[in-house]
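Scroll down for the structure; my scribbles are underneath it.
Read-outs throughout are calculated quantities, based only on the coordinates presented, and are distinct from any laboratory measurement. Keep in mind it's a predicted model, so treat the numbers as computed, not measured. Neighbour counts are summed over all protein chains in view; Cβ atoms, including those assigned to glycine, are modelled from backbone coordinates with ideal geometry.
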């Protein structure tokens, strides 16, 4: 959707970055056909179709997001597995997105490491580490047109207060149990529509992810301004 040091303590690779990408909306549009009927005194009726394009009012304009209705207030803290509602917008509309986060820690298998878009020497350095899966359950709360909205990005923090490692700008980083998906489907427009997403991080098992914060507008960084999921 057009939505985004402490000390690093895990492996830094040439192609790895300790950062979280910003969250913006992606281009997307739907179309519908409307009938146009013409008549004449000596001719039978004829029907033609003229395609129209769904309006995208926020393609070049950034709207102000309001914290209304079910939306979580700044400083809200919920447990992993609980839902918080966030105000978001796509190119098409503003809406509310229900977000439930869970975190899973698994040993990075050699097969999964081998499949990542890394150089051989970097794959070697990654072997023996652990994957942290931040899994998201996303729900269209109010039926807004959130077609092709970018999957929200979050800021995870480990138990020690640092950041986990992340494969940043590396293309597809899907591994077993965590499929790399960047945007919601085109039909994510109905109230109650649900979508599952996952973000991959890595580190050591002794310093797992302990909290995950959402700091994009209308929220901000800091415990009293963000929405945070914790154990």
Zone residues, segment 190-224, relative to residue 231, backbone N less than 18 Å from point 7 Å out along Cα-to-Cβ: 201-213
Computed label-point distance, nm, for sites residue 217 and residue 181 using a 7 Å Cα→Cβ extension: 2.7 nm
Inter-probe distance in nm under a simple model that places probes 7 Å from Cα toward Cβ, at residue 137 and residue 194: 0.6 nm
Where labels lie 7 Å past Cα in the beta-carbon direction, separation of residue 110 and residue 59 in nm: 5.1 nm
Extension gain, residue 70 back to residue 206 (0.36 nm per residue minus Cα-Cα distance, nm): 45.3 nm
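Would you list 199, 230 from fewest to most Cβ contacts within 10 Å? Let's see the in-between values first.
Numbers: 199 24, 230 15.
By the 10 Å Cβ count, ascending: 230, 199.
Which order do the peptides 55-61, 75-81, 87-93 take when ranked by the mean count of other beta-carbon atoms within 10 Å per residue, highest first? Before the final figure, lay out each step's value.
Numbers: 55-61: 12.7, 75-81: 14.4, 87-93: 25.1.
Answer by packing, highest mean first, reads 87-93, 75-81, 55-61.
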